[in-house]
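The values are calculated or read from the model by the stated rules, or taken from the named source; none is laboratory data. Because the structure is a prediction, the values reported are computed rather than measured. Backbone-built Cβ (ideal geometry, glycine too); neighbour counts: all protein chains shown. Remember, those area values only see protein heavy atoms, side chains included, never the ligands or the DNA or RNA. Shrake-Rupley method; radii C 1.70, N 1.55, O 1.52, S 1.80 Å.
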Amino acid sequence: MEYNPKDIEPKWRAWWRENGTYQVKPDNSRPKFYILDMFPYPSGAGLHVGHPLGYIASDILARYKRLRGYNVLHPMGYDSFGLPAEQYAIETGIHPAQSTDQNIRRYREQLDNIGFSYDWSRELRTSDPGFYKWTQWIFQQLFNHYFDNEAGKALPIAQLEARFRESGNAAVQAACDEDTPVFSAEAWNAMSEKAHRELLLKYRLTFPEESYVNWCPALGTVLSNDEVKDGVSERGGYPVERKLMKQWSMRITAYADRLLAGLEEIDWSESIKEQQRYWIGRSQGAAVKFGVAGRPDAQIEVFTTRVDTIYGATFMVLAPEHELVSEITTEAQRQEVESYVRWAATRTEIDRMSETKKVTGAFTGAYALHPFTGDTIPVYLADYVLAGYGTGAVMAVPSGDQRDYQFARHYNLPIVPISDAQTGLDEAADPTKEGRYINSGIINGMTYAEAVPTLIRWLEARGLGKGKVQYKLRNAVFSRQRYWGEPLPVYWKDGTPYLIDAKDLPLRLPAVDKYLPTETGEPPLGRAENWRYTPPGSTESYEYELSTMPGWAGSSWYFYRYMDPHNEREFCSKEALDYWKGVDVYCGGSEHAVGHLLYSRFWNHFLYDLGLAPQKEYAKKLINQGMIQGRSNFVFRAKERFFEQYLWIKILQPFFSAESPIQLANTGHEETFTYDFAFETHDLAIEVTSYKQLDKIERVRQTTAADGKRLLLLFNEELADHINDHAYTAVKIRKALDSREAFIMTQEEPVSDILYVSYELTHKYDPECFSKLHVDVNIVDGDVLDLGRAAGKPMFHNAAFKMDPAEKKFYCSWEVEKMSKSKYNVVNPDDMVDKYGADCFRMYEMFLGPIEVGKPWDTKGITGVYNFLRKFWAQFFDEQGRFIVSEEPPGPDELRILHQTIKKVTDDIERYSMNTCVSHFMILNNELRSLKCNKRAILEPTVILMAPFAPHLSEELWRLLGHDSTVCSAPWPELNPEYLKSDTVTLAVQINGKLRGTLEAPLDMPYPDIEEIVLRQEFVQRNMQDLTIRKIVVVPNRIVNIVAN
RNA sequence: GCGGGAAUGGCGGAAUGGUAGACGCGUUGGUCUCAAACACCAAUGGCCGCAAGGUCGUGCGAGUUCGAGUCUCGCUUCCCGCACCA
């Protein structure tokens, strides 16, 4: 009986679905386990083989935990608000809901194909009003709370109001805007309601404010810091500029310390935790106020982490945007300063980054007063000081800070050493904390540890400064000028925002005629008719907020909704929260390190403060699956920014001969055309034995290159518009390349310093091949040539050639890169499932290597897994194809290998090492085959062990073994350590740490006997001839090391 | 520049301080076949050797240890993240 996945897989998927096998309910009799995948954004491209990697690993874990008796919550949903659907809507007029729905259906189909054990009755979509009702509700809670620094948690804003009425805000320790004025109770009580509301906005955890934001003109929206990479938008790569705008903001900074501390209690990768720590960017230092000469009213405050270097401050630098700039600038300098400020404003982020080493600045003509010495020091502007960090001003200590040093050198400002340990100040700054201070007034002769508190005490006593903690973390911009997102449940009255009544939630997205900004530049919601709110009991109506929420809103809390997805009264019931608590294992990509993974922790801390979340940290364990990369099909030009849109293939071998012309037919389109080829001459004769997979390449065009050699052009510019065709073609070409080393790809116009690339041309030294390639490839012997990084940035990795005549080896490597539609290197999981079955695909993805590391996709290896499954299947059938297992009792060898496998697979799943599990199954199968074992007592437990990995095959065999219930609820085989023991062990014998031989010895042989036996061995005696034994180290049942000289 | 991680055959990758290279791919040889494919069997880190065996081997250099891919120190290279953060 042949193993045919198509016969069994759809059948069992249907059965599982019909029988609700994967549906879960809270069950206090069993321990719970919550395994969550990061839900996908349903893009139009569908899944590729890289996507399911994490899903498969978590599915294996979920199935395993079920077999271990856990009540497993393993849900899936869609992060279905987002930019691409909106862009598509702008282009086509199709409502994003409609295209999103279509994409989701496609995703669901693909996910179903792979046999995941999701409880689909809990599916959710962030764009579903039943879901975003609660996103809006949480937003309202944030609006209604402030962060109390004394309590260390969020408290209702009403409590804050009460305190203001009682005693003003002087004694209130709360997270608030920097510019919050101090007021007394009397003053508060005398204010208007509008004034009250405006002041409260300075405390609320979400609030509108005028601030510099990342404005992306091309996308017509603002972006949060984590959505901007290298000065351009993460989606689309459009330029981003800084712009002062009124935006909703989340006071995440209030939680900075808790988000930092929380990292200590979660089992996430060090790299993600470090990224979050860095993003939060806590630094301890001091705030110091400098006076301005001749202006007793003005002060320049700076933040420094090195207050101990303050005596070395010989000038000050302000950011060009600093608010005091025009005030303190002298008339003589005004023109220069203004032109510098203008110049700085026009520079984009990219400009700044590419010129970080260049010193620019301007002198304001003003002088600051050094708080300790009273000296006057000049005040400059420079854009190396950032307006957005600290106070936007620094005290410049050229002897201790390299940037200040460079600036001082450029403007010929004094560089004063401040420590006797500083060296090399002729060359560079020396930021040492060693030694004792010199030229430093009250701290002369002190060490670093003594100086800092001395200085801070001095400053505090005079009101000139204080110790301060500064964060890099900024409040997160929370509004987007887009259509396809959650509407903010807010209306505007009298210039301040009000929440709509909770009973009016959800505030549904209105219909609009177009998905573009209005003619007056308002967001698309401005197009909605009658987009106004009438508060309960009011006759007036007021305009709703026109912005929507950002993409990360829904994903900041969705993990709770799965626990109770259909609840209409609460975001999640208390019972469900008490039972499921939080996520036990969270699986997803590391690209969300400082976006989703930080924002969701923030919301969770907030919900925890409200008593709505059971745990401070919602996900104890995080697994980051690596990215599966595709191979690039392109050869890049080193000196040009964009790579060729063509793929050239040069035929190296006469695989089209005059005798047997090959037809290349277009099979992908309605129009069909064929080319007949007959090549008479050939450039090279690398042996090629298989070409048949070439027969589906589309649109091949024969052409002649400049040097007169024949070339085939496989892509053409028309195809650029048909991305799917590209992907298709690229895959076909890769298959051809995979099958044989048939091609060299080359560029249109070869240039000597640019390389030709071939695909794993040879892996063994072949002198013929070598010399011919040498001629053709034009490369420097023994060199690894990096094809260069376009414009200094690794926009694309490149293929490299290495030829090493000394080693007689020739290497050629392909670059690997992210699989993406635009790179034409996508491999579709459906194709894999269609050809090999879901079980095989699942196992193969796991077999590729550890989940956390990225690796290139290589379809070749899948046959190994497929053969394994076929052979495993065959164990259950006799030659006539009848299902037959023996009821004989198993022998010790069979039991040993079974229990070894139980042990290894159990241990390895627990440590998320799925790749080695697959190996263990293969080893087990190889052993059982050589033992010709078809005994039920062995095979039945094996089927259960395999069930998490290959659920369909296991289910089929399980039923054939005579079970009525599903293998999904079978008990995990129990390890019996007795069976692992054997009578003898293989002892390795080393002499001075070198392996000299092995010998079979009885288990647990006593020491003197071991020594005796070992020394009797022929190979030991032979190697011991001139040596005297010093010592014999015995590791029981493993190794004997004879130390001798 | 700073932070995190990695480096093991032709390739993906295994190895609680204890026989490096499990398992798979690929390759080579063989069986089957008119032939091919599939399948099956065998070999497969390099070098020397007919063989037995020897010898060198986990990026480089030191160290700890009876014993190091694994631990320590110092480098190199690559990947990821951040990047004028005062």
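Magnitude of the Cβ-charge dipole of the stretch A:374-428, K/R +1 and D/E -1, about the Cα centre, nearest 20 debye?
160
Run the paramagnetic zone check for A:Lys621: 7 angstrom along Cα to Cβ, then residues of the stretch A:883-916 with backbone nitrogen under 20 Å.
Output list for this probe position: A:902-916.
If you filter the stretch A:840-885 for GluC sites (Glu not before Pro), then keep DSSP loop positions with at most 12 other Cβ within 10 Å, what is left?
A:Glu879
Report the FRET efficiency, 1/(1 + (r/R0)^6), for A:Lys25 and A:Ser538, where r is their Cβ-Cβ distance and R0 is 41 Å, rounded to 0.05.
It comes out at approximately 0.40.
Mind listing which trypsin sites (Lys or Arg not before Pro) in the stretch A:857-904 are in a DSSP loop and have 10 or fewer other Cβ atoms within 10 Å?
Here the trypsin sites (Lys or Arg not before Pro) that fit, given the DSSP loop and packing criteria, are A:Arg882.
Between the stretch A:43-103 and the stretch A:953-999, what is the C-alpha centre distance in whole Å?
For the stretch A:43-103 versus the stretch A:953-999, the Cα centre distance is 37 Å.
Under 37 °C and 0.692 mPa s, how fast does the stretch A:994-1033 diffuse according to Stokes-Einstein, given a Kirkwood radius computed over C-alpha pairs? Answer in µm²/s, whole number.
D, rounded to a whole number, is 294 µm²/s.
Collect residues whose amide H, placed 1.01 Å from N in the peptide plane, falls under 5 Å from the amide H of A:His145; neighbours closer than 5 in sequence don't count.
Counting only residues 5 or more places away or on other chains, the set is A:Ile157, A:Leu205, A:Thr206.
Hey, what's the Cα Rg ratio for the stretch A:325-435 versus the globular rule of thumb, 2.2 N^0.38 Å?
So the Cα radius of gyration is 1.15 times the expected 2.2 N^0.38 Å.
Take the solvent-accessible surface of the protein heavy atoms, probe 1.4 Å, and return the percent of it on the stretch A:262-336 that carbon and sulfur atoms account for.
Of all accessible area on the stretch A:262-336, carbon and sulfur atoms account for 45 percent.
Can you figure out the FRET efficiency of A:Met191 with A:Thr520, using R₀ = 25 Å and their beta-carbon distance, to the nearest 0.05?
It comes to 0.15.
Using the eigenvalues of the Cα gyration tensor, what equivalent ellipsoid semi-axes result for the stretch A:386-536 when each is taken as the square root of five times the eigenvalue, whole Å, largest first?
After scaling each eigenvalue by five and taking roots: 57, 21, 12 Å.
I need the phi-derived Karplus couplings for the stretch A:138-149: 6.51 cos²θ - 1.76 cosθ + 1.60, θ = phi - 60°, integer Hz, Gly and Pro marked x.
Karplus-based 3J(HN,Hα) across the stretch A:138-149 equals 5, 4, 5, 5, 4, 4, 8, 10, 10, 9, 8, 6 Hz.
On a C-alpha basis, how far is the centre of the stretch A:115-135 from the centre of the stretch A:552-614 in Å? Whole number, if you could?
So the two Cα centres are separated by 13 Å.
Which trypsin sites (Lys or Arg not before Pro) in the stretch A:116-170 pass both tests, a DSSP loop state and at most 15 other beta-carbon atoms within 10 Å?
Sites meeting the loop and neighbour criteria: none at all.
Enter the Cα centre distance for the pair the stretch A:360-379 and the stretch A:408-462, rounded to the nearest angstrom.
Rounded to whole Å, the Cα centres lie 18 Å apart.
Quick one: Karplus J couplings for the stretch A:305-315, per residue in order, coefficients 6.51, -1.76, 1.60, θ = phi - 60°, nearest Hz, x for Gly and Pro?
8, 10, 4, 5, 8, 4, 6, x, 6, 10, 6
Give me, ordered by chain and number, the residues 5 or more places off A:Leu73 or on other chains with an amide H under 5 Å from its own placed amide H.
A:Phe33, A:Tyr34, A:Ile35
Output wanted: per-residue J couplings in Hz (rounded whole) for the stretch A:7-20, from phi through Karplus 6.51 cos²θ - 1.76 cosθ + 1.60, θ = phi - 60°, x for Gly and Pro.
Each residue of the stretch A:7-20 in turn: 6, 10, 5, x, 4, 6, 4, 5, 5, 4, 5, 5, 9, x Hz.
What is the magnitude of the charge dipole of the stretch A:44-150 about its Cα centre, with +1 placed on the Cβ of each Lys and Arg, -1 on the Cβ of each Asp and Glu, and no other charges, expressed in debye to the nearest 20?
In debye, rounded to 20, the stretch A:44-150 gives about 540.
Averaged per residue, what accessible surface does the stretch A:66-223 expose to a 1.4 Å probe, in Å²?
Spelled out: the 1.4 Å probe surface of the stretch A:66-223, per residue, equals 39 Å².
Starting from 0.36 nm per residue, how many nanometres of slack lie between A:Thr305 and A:Ser184 once their C-alpha separation is accounted for?
In short, 40.2 nm is gained.
What number comes out for accessible area per residue over the stretch A:897-1022 if the probe is 1.4 Å? Units Å², please.
In whole numbers, the stretch A:897-1022 has 46 Å² accessible per residue.
Could you give the nm distance between label points at A:Asp1009 and A:Glu575, where each point is 7 Å from its Cα heading toward the beta carbon?
6.4
Using 31 Å as the Cα-Cα cut-off, could you pick out the over-long pairs in A:Lys11/A:Lys981; A:Lys243/A:Lys503; A:Lys153/A:Lys246; A:Lys273/A:Lys581; A:Lys133/A:Lys246; A:Lys194/A:Lys581?
Flagged as over cut-off: A:Lys11/A:Lys981; A:Lys243/A:Lys503; A:Lys194/A:Lys581.
Among A:Ala988, A:Pro1002, A:Ser913, whose Cα projects farthest towards the positive end of the dipole of the stretch A:865-1002, with charges put on the beta-carbon of Lys, Arg (+1) and Asp, Glu (-1)?
Towards the positive end, the residue furthest out is A:Ala988.
Tally up the carbon and sulfur contribution to the accessible surface of the stretch A:532-612 as a whole percent, 1.4 Å probe, everything protein left in place.
Reported share for carbon and sulfur atoms: 45 percent.
Which cross-chain or sequence-distant (5 or more) residues have an amide H under 5 Å from the amide H of A:Tyr533, H modelled 1.01 Å from N in plane?
Placed amide hydrogens put A:Tyr542, A:Glu543, A:Tyr544 under 5 Å from A:Tyr533.
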